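Reading through the structure tokens given below for one structure.
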Amino acid sequence: MISLVTLLQIALVAKWRIFGVHPEFTYCLPIAAGLLGGAQSGALVGFASGFAIDLYLPTPFGLTALVATLMGGLVGLLIDRERVAVDASVPILGSIFAASFSFLALLSFALISAIIGTTPLSGISWLPLLLVVPFFNALAMLAIQPLMAWSLAIETRASAPW
Amino acid sequence: MAPGPRPRRLALTLSVLLALSITLVTLSARGGSSVTSGFSNVTRDVTKPFASGINAVLAPLGRFFVGAFRYGAVNDENARLQAALGRVKQDQASRGFRDQQLRELMALSHLPFLSALPTVVAQTTMIDVSNFASTITIDKGRSQGVTVGMPVVASGGLVGQVIEASRSSSIVRLVTDGSSRVGVATPKGKLISLVVGHGATKKLTVDGIPSTSSVLKDQRLFTSGLEGGIFPRGIPVGTVEQASSPTGSLNQTILLRPSADLSHLTYVDVVLWEPTP
């Protein structure tokens, strides 16, 4: 699923320029995994999906992996702490999380980029970025959340001892 | 929801993943580790056919999506293209005269790179894959002689510089990227300064021009080619669109329009010239 979303992101979604920016569906993966599988799954999926997309990006290698790991872990910790059982068939919670944590992910990415000196904050189209990406990620979550639930169920079955 | 792992195991997993990510970022940001860039280059080469395949299959869907959101803009663009086509037809009659004029202008503008330096024609395969960097990916790489640092030009002027080169593809940082810096000068080399990018949707600016210097609107600026510079001399970078001196400021505020049409980069030329260390 990570490979599929990464290739779709690079080959298709990156070309959808809406007010000069494109959605970043990569962040939906750790958010969905954190919601459905907890902090451990969120962080692991975040690292793997971030690492995969970093292979194609001109930004510092590992930066998306770092941000996605943080987002997946944070969503999972929040869900674990509040002891919320997320029903994959009710996607509204997933969309709200996708929008808010994508927003947070973009801010974190921009801030770390500026700190390490690769992308100055003035070189970013803030308004379109912070509106377009969370909105489309919230929409994409409607499809990604059920797929992630299916994916995590398969993984659990495969690793079960019986 | 799956039952959560024990807190110690979770803390360990998170710590390891975060430490690994931070290490990769540090290695990459400190001038490019051969391990991280090697990973990227091999992956891009291996997955190029898959990405191209997905692109070919899903491109109509993407065009539909973009068209749905930009219907008005597409109509406007169509009208502009029709008008441009009419002008091109009209201009064909005086083509010979214009060719002669062009040769003269090139000589006047000191564009030695066009005739003196070898170039490789490359096709753009990806544009701006990240929201945080203005880059293009081209289909030529090390096996065609393209290496990191080489300038990339299109018909109008400087497009950017190669920042990563794999066997069969390269990433080019555009002049509009937030971290792009280009040393420029006027054709006679009188005024030397630095052009700074501010992202794909914003104009270039020229830094450090004193208020006392005369910079005219529509004046063209070229790469300065100073010793140790990262571009050869004489590539058109941009045209001054606005020059003003804010009250009390020692420097002018100058906005520059890129010479190359960065919205139409289907084909570009990589200049086989490496910066002198």
*Taking region A:3-43, which residues are farther than 24 Å from A:VAL75 by Cα and part of a loop (DSSP other than H, G, I, E, B)?*
A:LEU12, A:TRP16, A:ARG17, A:PHE19, A:GLY20
*In region A:36-52, which residues are of a type in the set (A, V, I, L, M) and crowded, with 24+ Cβ neighbours inside 10 Å?*
A:LEU36, A:ALA39, A:ALA43, A:VAL45
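Is it the case, given these coordinates, that B:THR247 is assigned to a loop (DSSP other than H, G, I, E, B) and of a type in the set (S, T, N, Q)?
Values: assigned to a loop (DSSP other than H, G, I, E, B): yes; of a type in the set (S, T, N, Q): yes.
So B:THR247 passes the test.
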*If you check A:ALA110 against the conditions, is it surrounded by fewer than 24 Cβ atoms within 10 Å (Cβ to Cβ) and facing chain B (nearest Cβ under 10 Å)?*
yes
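In region B:177-203, how many residues are part of a strand (DSSP E or B) and either buried (at least 18 other Cβ atoms within 10 Å of the Cβ) or not assigned by TED's automatic domain parsing to the domain that holds B:ARG220 (or both)?
First, pick out the residues of region B:177-203 that are part of a strand (DSSP E or B): B:181-185, B:192-196.
Filter again for either buried (at least 18 other Cβ atoms within 10 Å of the Cβ) or not assigned by TED's automatic domain parsing to the domain that holds B:ARG220 (or both), leaving B:182-185, B:193, B:195-196.
Selection size over region B:177-203: 7.
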*Kindly list the number of the only condition in (1) among the hydrophobic types (A, V, I, L, M, F, W, C); (2) surrounded by 22 or more Cβ atoms within 10 Å (Cβ to Cβ); (3) assigned to a loop (DSSP other than H, G, I, E, B) that fails for B:VAL206.*
(3)
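Across region A:87-137, what is the number of residues that are touching a strand residue (DSSP E or B) at 6+ places or on another chain (Cβ under 7 Å) and either more than 23 Å from B:THR205 (Cα to Cα) or in a helix (DSSP H, G or I) (or both)?
Here the count works out to 4.
Given the structure, is A:THR59 polar (S, T, N, Q), assigned to a loop (DSSP other than H, G, I, E, B), touching a residue at least 12 places away in the same chain (Cβ under 8 Å) and under 20 Å from A:PHE109 (Cα atoms)?
Details: polar (S, T, N, Q): yes; assigned to a loop (DSSP other than H, G, I, E, B): yes; touching a residue at least 12 places away in the same chain (Cβ under 8 Å): yes; under 20 Å from A:PHE109 (Cα atoms): yes.
The answer is yes for A:THR59.
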_Criterion first (of a type in the set (A, V, I, L, M, F, W, C), loosely packed, with under 15 Cβ neighbours inside 10 Å and more than 14 Å from every other protein chain (Cβ to nearest Cβ)) does B:LEU221 satisfy it?_
no
*Looking only at region A:47-72, which residues are over 14 Å from B:LEU24 (Cα atoms), at the interface with another protein chain (Cβ under 8 Å from one of its Cβ atoms) and at pLDDT 90 or above?*
A:LEU70
_So for region A:77-97 (the condition being touching a Pro at 6+ places or on another chain (Cβ under 9 Å) and at pLDDT 90 or above), does at least one residue qualify?_
no
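Across region B:132-176, what is the total count of residues that are in a loop (DSSP other than H, G, I, E, B), polar (S, T, N, Q) and surrounded by fewer than 19 Cβ atoms within 10 Å (Cβ to Cβ)? Steps first, please.
Within region B:132-176, the subset in a loop (DSSP other than H, G, I, E, B) is B:132-134, B:139-141, B:145-150, B:155-156, B:166-169, B:175-176.
When the remaining residues are screened for being polar (S, T, N, Q), the result is B:134, B:147, B:155, B:166, B:168-169, B:176.
Then keep just the ones that are surrounded by fewer than 19 Cβ atoms within 10 Å (Cβ to Cβ); that gives B:147, B:155, B:168.
Qualifying residue count for the region: 3.
The values are calculated or read from the model by the stated rules, or taken from the named source; none is laboratory data. Please read these numbers as outputs of a predicted model, since none were measured by experiment. So basically every Cβ, Gly included, is an ideal-geometry build from the backbone, and we count neighbours across all protein chains shown.
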